[in-house]
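Chemist: Take this structure, written in structure tokens, and hold onto it; I'll ask about it next.
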């Protein structure tokens, strides 16, 4: 719950020569006020007193609404104010972005700290679109894209509640949904999906007519574009959308009143201007805004601790060893406030909680112990019941639902000081804490141990800080001493975002040809110029194996692009005529539909049919 808005009195002394031409504009976390100075000769200087303020959610429906009142057809802002009813005012970051998002149509990119309320920026962009388009909103699509299914699920539940009452349908389309996607989203306004799902889904469509209905494309965690495994997919689907819109503009003789708008957010984009340039609308780069950590509503202290791990020590044993460091870390950093500890596995959650219950003694009053006893009376899990008495709980997807809810309630109420949880489950559950501990940066996924992605780390960090209780919060990352510098640099946000499209270009080119996004050489060159790869290759050519002048680099990129097209043609995945027009083949369609790697398709091409089973498998 936010603090109440207070009335203030201001007294400002100015030089007399300025008194008749000065205007003040106050802007803070909770107010927006523009006023003219009044003259007070009794004290020989200009003086202005104002004993009332208004919050900037009212500003959203008063100042600008008055400006638009002359146009009777202008849609009312007030009908959408309930979208923001959960809080009385925008914070600094939201206030700073408000004018750009709500009163312009420019593409927008922001780098803002974790936990600073970036989701509201998406909602402002949605409201802007609703202001532009009269009801019924039958021919508009909004796509929200996030790298994690838990984020998609959270956004789907939240936006159904917020936008459903005003007539917008939301649908979540991730790998978990088994439906005929094309028909399902025809009546959907807000499509919530992952880059991979949007890529595979649009690859299966016969054309991109439905893509052309998308008016707003919201990209959460846009820094994922640098990821070696997933970044190329994100980059390609954005460039696909841009190219499809250019095609619409050409058909409309360059006048397109249904232009696509991009809004992208992240907590770690040092080169935010490059992302804004990539998301150009053809007239110029998008608006780039960068907010430093000092403006985070709850200031976050970041600590990375490196622990010895020998080459012979397994990840499992290293993870176990961290359990015995936990009591000291909780004591050092929690300030006797709630702590949330992320563990890699369900078993690891229980083991770590058991060790802490033995090692740490939380001071409890008789009343506190009585409240814990009440919680344990409803708990079915005997291990959890024994731990809760000591003020330690755990939380994972394998638990009974009633046990999980009781544990969440005890932690949220502050009766359980420390809660251990799995990293996957807690990303979709709102459990903020004063202290967040990430116990080990390695988790078990896909049959092997692998490092958490930057997005995973940022999502866990985002649970640190309770705006209604805290002014500061702490996140502690426990990792091997060999990887300490890596995570320190990650938290400092010093790594420039680069493209990874050049590593997967041939597969994505084939998909664009199948979708008719690319139909000839000119469109192909237009497409490559729409990529983040093109932007970064000129700014950091060494990263992409190039070290040439501007003109040579431009030609080199075209040649590289052309080689990939000829590689596709050489094994019958596409057809190229003398005028260099492209046509897909059925083999190419299969490759795109099932996301088969180009090297695998080459092996299929070389199969004659006379091979023995032994020859095929070796």
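Chemist: If you go through the stretch 479-487 one residue at a time, do you hit one that is surrounded by 22 or more Cβ atoms within 10 Å (Cβ to Cβ), in a strand (DSSP E or B), in contact with a helix residue (DSSP H, G or I) (Cβ under 7 Å, 6 or more places away or on another chain) and outside the structural domain of residue 151 (by TED's automatic domain parsing)?
Modeler: yes
Chemist: Something else: Please verify whether the stretch 569-590 includes one or more residues that are assigned to a helix (DSSP H, G or I), closer than 25 Å to residue 241 by Cβ, within 30 Å of the chain's Cα centre (by Cα) and modelled with pLDDT of 85 or more.
Modeler: no
Chemist: Let me ask you something else. Give me the residue from the stretch 405-436 that is farther than 16 Å from residue 362 by Cβ and in a strand (DSSP E or B) and, out of that set, modelled with the lowest pLDDT.
Modeler: Ranking the qualifying residues of the stretch 405-436, first place goes to 422.
Chemist: Looking at 531, 479 in this structure, which one is at pLDDT 90 or above, touching a strand residue (DSSP E or B) at 6+ places or on another chain (Cβ under 7 Å) and over 18 Å from residue 270 (Cα atoms)?
Modeler: 479
Chemist: While we're looking at this one, here's another question. Just one of the numbered conditions (1) farther than 15 Å from residue 510 by Cα; (2) touching a residue at least 12 places away in the same chain (Cβ under 8 Å); (3) out of contact with any helix residue (DSSP H, G or I) (no Cβ under 7 Å at 6 or more places or on another chain) is not true of residue 587; which one?
Modeler: (1)
Chemist: Follow-up. Tell me which residues, restricted to the stretch 66-110, are in a loop (DSSP other than H, G, I, E, B), modelled with pLDDT under 90 and within 22 Å of the chain's Cα centre (by Cα).
Modeler: The answer is 86, 87, 90, 91.
Chemist: Given the condition exposed (fewer than 13 other Cβ atoms within 10 Å of the Cβ), under 18 Å from residue 512 (Cβ atoms) and either at pLDDT below 95 or in the same structural domain as residue 514 (by TED's automatic domain parsing) (or both), answer yes or no: does some residue in the stretch 596-606 qualify?
Modeler: Checking the stretch 596-606: at least one residue is exposed (fewer than 13 other Cβ atoms within 10 Å of the Cβ), under 18 Å from residue 512 (Cβ atoms) and either at pLDDT below 95 or in the same structural domain as residue 514 (by TED's automatic domain parsing) (or both).
Chemist: Might you let me know whether the stretch 604-618 holds any residue that is touching a residue at least 24 places away in the same chain (Cβ under 8 Å) and within 35 Å of the chain's Cα centre (by Cα)?
Modeler: no
Chemist: Let me ask something else about it. Within the stretch 371-382, track down each residue that is within 36 Å of the chain's Cα centre (by Cα) and under 14 Å from residue 354 (Cβ atoms).
Modeler: Within the stretch 371-382, 381 is the sole residue that qualifies.
Chemist: Separate question: State which residue is modelled with the highest pLDDT when the search covers only the stretch 534-554 and only residues that are more than 22 Å from residue 280 (Cβ to Cβ) and part of a helix (DSSP H, G or I).
Modeler: Across the stretch 534-554, the extreme among qualifying residues is 542.
Chemist: Which numbered condition in (1) at pLDDT below 90; (2) assigned to a loop (DSSP other than H, G, I, E, B); (3) touching a strand residue (DSSP E or B) at 6+ places or on another chain (Cβ under 6 Å) is the only one that residue 59 fails?
Modeler: All conditions pass for residue 59, except number (2).
Chemist: Condition first: within 16 Å of the chain's Cα centre (by Cα) and either outside the structural domain of residue 219 (by TED's automatic domain parsing) or over 19 Å from residue 212 (Cβ atoms) (or both). Now tell me which residues in the stretch 127-156 satisfy that.
Modeler: Within the stretch 127-156, 146, 147, 148, 149, 150, 151, 152, 153, 154, 155, 156 meet the criteria.
Chemist: I'm trying to understand the selection: among the residues of the stretch 189-215, which are in a loop (DSSP other than H, G, I, E, B) and either at pLDDT below 80 or surrounded by fewer than 18 Cβ atoms within 10 Å (Cβ to Cβ) (or both)?
Modeler: Hits for the stretch 189-215 are 205, 206, 207, 208, 209, 210.
Chemist: If you go through the stretch 337-378 one residue at a time, how many are surrounded by fewer than 20 Cβ atoms within 10 Å (Cβ to Cβ) and either within 18 Å of residue 463 (Cβ to Cβ) or outside the structural domain of residue 400 (by TED's automatic domain parsing) (or both)?
Modeler: Number of matching residues: 1.
Chemist: Checking residue 99 against (1) out of contact with any strand residue (DSSP E or B) (no Cβ under 7 Å at 6 or more places or on another chain); (2) in contact (Cβ under 8 Å) with a residue 12 or more places away in the chain, which single condition isn't satisfied?
Modeler: With respect to (1) out of contact with any strand residue (DSSP E or B) (no Cβ under 7 Å at 6 or more places or on another chain); (2) in contact (Cβ under 8 Å) with a residue 12 or more places away in the chain, residue 99 is out only on (2).
Chemist: Those residues that are at positive phi and at pLDDT 85 or above, I need them from the stretch 111-139; list them, please.
Modeler: Within the stretch 111-139, just 117 meets the criteria.
Table: residues versus (1) assigned by TED's automatic domain parsing to the domain that holds residue 216; (2) surrounded by 15 or more Cβ atoms within 10 Å (Cβ to Cβ); (3) in contact (Cβ under 8 Å) with a residue 12 or more places away in the chain; (4) under 18 Å from residue 536 (Cα atoms).
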site	(1), (2), (3), (4)
270	yes, yes, yes, yes
278	yes, yes, yes, yes
314	no, no, no, no
318	no, yes, yes, no
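Chemist: OK, next. Can you tell which of 446, 398 is surrounded by fewer than 23 Cβ atoms within 10 Å (Cβ to Cβ) and modelled with pLDDT under 85?
Modeler: Going through 446, 398 in turn, the sole match is 446.
Chemist: Please enumerate the residues belonging to the stretch 401-417 that are farther than 19 Å from residue 342 by Cβ and within 30 Å of the chain's Cα centre (by Cα).
Modeler: If the condition is that a residue be farther than 19 Å from residue 342 by Cβ and within 30 Å of the chain's Cα centre (by Cα), then 401, 405, 406, 409, 413, 414 are the ones that fit.
Chemist: Looking at the stretch 336-345 only, could you name the residues that are outside any loop (DSSP other than H, G, I, E, B) and out of contact with any strand residue (DSSP E or B) (no Cβ under 6 Å at 6 or more places or on another chain)?
Modeler: Of everything in the stretch 336-345, nothing turns out to be outside any loop (DSSP other than H, G, I, E, B) and out of contact with any strand residue (DSSP E or B) (no Cβ under 6 Å at 6 or more places or on another chain).
Chemist: Kindly indicate whether any position in the stretch 437-453 is part of a helix (DSSP H, G or I) and either in contact (Cβ under 8 Å) with a residue 60 or more places away in the chain or under 20 Å from the mean Cα position of the chain (by Cα) (or both).
Modeler: Checked against the condition, which is being part of a helix (DSSP H, G or I) and either in contact (Cβ under 8 Å) with a residue 60 or more places away in the chain or under 20 Å from the mean Cα position of the chain (by Cα) (or both), the stretch 437-453 yields no hits at all.
The values are calculated or read from the model by the stated rules, or taken from the named source; none is laboratory data. Just so we're clear, the structure is a prediction, and the values are computed from it rather than from any experiment. FYI the Cβ positions are ideal-geometry reconstructions off the backbone, even for glycines, and counts take in every protein chain you see.
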